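Report on one structure; see the data block that follows.
The values are calculated or read from the model by the stated rules, or taken from the named source; none is laboratory data. Bear in mind the structure is a predicted one, so any value in this text is a computation, not a measurement. Glycine gets a Cβ as well: all are built from the backbone with ideal geometry, and neighbour counts include every protein chain shown. What goes into the accessible areas is simple: the full protein's heavy atoms, side chains included, and nothing from ligands, DNA or RNA. Shrake-Rupley method; radii C 1.70, N 1.55, O 1.52, S 1.80 Å.
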Amino acid sequence: MSIRGLKKKQPRTFKVKIITVDAEMEFSCEMKWKGKDLFDLVCRALGLRETWFFGLQYTIKGMCTWLKMDKKELLQEITQHLFFLQVKKQILDEEIYCSPEATVLLASYAVQAKYGDYDPNFHEPGFLAHDELLPKRVLRQYQLTAEMWEEKITAWYAEHRGIARDEAEMNYLKIAQDLEMYGVNYFPIAQNKNHTDLLLGVDAKGIHIYSINNRFSPNKSFEWSAIRNISYSEKELTIKPLDKKAEVFKFFSSQLKVNKLILQLCIGNHDLFMRRRKVDSIEIQQMKAQAREEKARKKMENQRLAREKQLREEAERAKEELERRLFQLEDEARQANEALLRSQEAAELLAEKAQIAEEEAKLLAQNAAEAEQERQRLEITALKTKEEKRLMEQKMREAELIAVKLVKESDRRAKEAEHLKQDLHEAREAERKAKQKLLDITRLNYPHMVKYPQYSPTDTRDANFDKGSVKLDLKDIDLKRLSFEIERERLDYIEKSKKFEDRLKELKSEIHALKLEEKQSGLY
């Protein structure tokens, strides 16, 4: 007997591609699965246990919506990391408004979570060039270059030294959760069927009504603790407060499906609100315990890594210090060796200079002796020269005096000679005239006698004649005497002139000899 097995019919499947913030996954799903089955499969693939914080995003006629919840405490690191990625994407996509100052601070925590501690030797300028860290709105708002933005982000990033990745992500989320639009899903609504002039926002705190142009400050809010019931009928949605006396709020949406989405989102957020007020389940308590243990383990691991890093940095600094000291010692040794060589060279140069100095001293002593001899010779020569110069000057003065005397004597003699010549000429002229007169008288009165008459005082004519004869004889005698004296003086003058000329020649010869001797003395 044999048993033949029946062939089971294979279920029909289809491919589903799930895109998370940092990963892409593809699953095979059965046609009979519901959305929760696919969501559970994704959570298992991601290792996500706190599934109530997430949901599947989908699009309805261009409108995206997903189940997003906010909880103050995130237990598992994977939950925190996915939250961080999701919120970061919403800020960069400008779904959550953030001021420029806050975006720079958030960007610095994102960089710390990605790159760890800042190291200027490793994180050189331009290392953030390919990272999307700021919303495009902020980049357009300020006329700053990419290098300027990186400098501002790096200034904050450098202050986060020692913060682990999960701590940096948590700091990011703490800042983000204070933003007005954080965790809010917006839907366009209207208070009547014809106009859509309001926005309805759903978040972890409750339901909020906004103006169409203001998503920051709600006009009216309904906290989860104050809501009694939420219902819809076709396009109309009704919110009933817990206080029965309060006004019931009704609004209209554009489509029936939108009302269903709003209702589901409200149910999910309200469920989280109620979950936070209940006693933690065993699963939550286990996850909290595991989270505490994981946190303690990571803290110890971070402390160990920090200690190891500190020791490594200290070792590197000690190594650098030793290398620096070694280099310093080598440099000092090199300098000492160079100094020794310079000292040896200096000693050799000093010895050579000492020898040269000694030889120069001997030469200087010899030159000094020669100079002393030359000084004495020059002194003697100078004395001799002075004496000779004095004698020469004296002789020159004598020669000048003699020359002056000769000139004066010559002038005087020339004048006397001129006077004497004049007198001689006059005397001779008078003699000629007297002789002519005498001859004329003799010829007229005594043609036959040429004898001089005797002197007679009674005869006036004769007396006059005799007187003229006497005078004539005396004149003739004076002329002869005068001529003799003139001749004698002329001879004396010639003799004196010759003596003076000889004396002048002698003085000139002596002066010329003295000048030659002085000139020769100056050459030595």
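Computed quantities for the displayed model
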read-out: Counted charge near Glu338, where neighbours are those whose Cβ lies closer than 12 Å (Asp, Glu -1; Lys, Arg +1); value: -1
read-out: Cβ-Cβ FRET estimate between Arg312 and Lys17, R0 fixed at 60 Å, reported to 0.05; value: 0.85
read-out: Residues Ser410 and Lys515, FRET efficiency given R0 of 35 Å [Cβ-Cβ distance, rounded to 0.05]; value: 0.80
read-out: Filter on Lys89/Lys299; Lys205/Lys298; Lys415/Lys498 - keep pairs with C-alpha separation over 26 Å; value: Lys89/Lys299; Lys205/Lys298
read-out: Region 185-278 - Debye-derived log10 I(q)/I(0), Cα point model, q = 0.24, 0.25 Å⁻¹; value: -1.38, -1.46
read-out: Among Asn214, Phe187, Asn229 the positive-end extreme of the charge dipole of region 185-278 (Cβ point charges); value: Asn229
read-out: Global geometry of region 325-396, whether rounded, prolate or oblate, following the gyration tensor of its Cα atoms and the 1.5 cut on a/c; value: prolate
read-out: Virtual spin-label span in nm between Leu341 and Leu391, 7 Å along Cα→Cβ; value: 7.3
read-out: Simple label model, 7 Å out from Cα along Cβ direction - Ser254 to Glu180, nm; value: 2.4
read-out: Carbon plus sulfur fraction of accessible area for region 151-309, probe 1.4 Å, in percent; value: 49
read-out: Additional length obtainable on full extension of the chain from Glu26 to Met148, 0.36 nm per residue less Cα span; value: 39.8 nm
read-out: Scattering curve values for region 330-443, log₁₀ I(q)/I(0), Debye with Cα scatterers, q = 0.16, 0.20 Å⁻¹; value: -0.96, -1.08
read-out: Nearest-10 value in Å² for the accessible area of Leu82, using the 1.4 Å probe; value: 20
read-out: Sparse-neighbourhood loop sites, chymotrypsin sites (Phe, Trp or Tyr not before Pro) in region 163-228 - DSSP loop, at most 15 other Cβ within 10 angstrom; value: Phe216
read-out: Space enclosed by the convex hull of the alpha-carbon atoms of region 77-177, per residue, Å³; value: 92
read-out: Sites matching GluC sites (Glu not before Pro) across region 164-251 that sit in DSSP coil, with at most 13 neighbouring C-beta atoms within 10 Å; value: Glu180, Glu234, Glu247
read-out: Segment Ala351-Lys505, length gained on full extension (0.36 nm per residue, minus Cα span); value: 48.7 nm
read-out: Modelled FRET efficiency - R0 41 Å, Ser225 with Asp197, Cβ distances, 0.05 increments; value: 0.90
read-out: In region 76-161, chymotrypsin sites (Phe, Trp or Tyr not before Pro) in a DSSP loop with at most 14 other beta-carbon atoms within 10 Å; value: Phe122, Phe127, Tyr142
